[in-house]
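Nothing in this text is a laboratory measurement; each read-out follows from the coordinates by a stated rule. Note that the structure is a prediction, hence the values are computed from the model and not measured. Virtual Cβ from ideal backbone geometry, glycine too; neighbours counted across all protein chains shown.
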């Protein structure tokens, strides 16, 4: 029962986190709130963080004997996965506008954009020329690079699905904002894992 409840609260959190930032909800709120919509990203981030804390605490309370441990020769693979995830996060932070991500730039400019760039232009530089969503890719990698017990496996499976669904929802918003340019970008750069980039390096 406790693991079913764990799955339920993660699914509820993921549902609200994705739904509240969806095109349908944000489009409706833009019409209803007008200029006050500039506060939405900031409130959304605060709500997501506050509601995430009890879910994480409950998940950690169920930790038990690991079913899989990154030990011995597996340590090297774990280190590689962690290193790649850190690179994705740090390289992504260099391309995304942190103030827009937090919702602070919107307070001053009064506008928001799906690309989270300072100028609201489509950015394909740096790591964004390797994968389209480095933070989602890094998130998937880092959650699996830890010892796995049943609670962690349940959490990871749900969060991996959430990251993939979140990526697809973000893709929809970017296609609306940059229809032609983003389709070309999709054909040129991989979504989460850089297989197109590897192919281009092997076959220049």
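By average Cβ neighbour count within 10 Å, what is the ranking of 151-161, 38-48 from highest down?
Ranked by mean Cβ neighbours within 10 Å, highest first: 151-161, 38-48.
Note the full-extension length gain between residue 184 and residue 45 as 0.36 nm times their separation in residues minus their Cα-Cα distance, in nm to one decimal.
Here the answer is 47.0 nm.
Can you tell me, using C-alpha contacts under 8 Å and at least 6 residues apart, the relative contact order of the chain as a whole percent?
It rounds to 28 percent for the chain.
Can you work out the FRET efficiency for the pair residue 199 and residue 175, with r the C-beta to C-beta distance and R0 = 25 Å, to the nearest 0.05?
0.60
Measure off 7 Å from each Cα along the Cα-to-Cβ vector at residue 65 and residue 19, then give the distance between these two points in nanometres to one decimal.
So the two model labels end up 4.0 nm from each other.
So what are the radius of gyration and Dmax for the Cα set of the range 1-54, in Å?
Answer for the range 1-54, Rg first and Dmax second: 13.7, 46 Å.
What number do you get for the range 50-204 when its Cα radius of gyration is normalised by 2.2 N^0.38 Å, N = residues?
1.19
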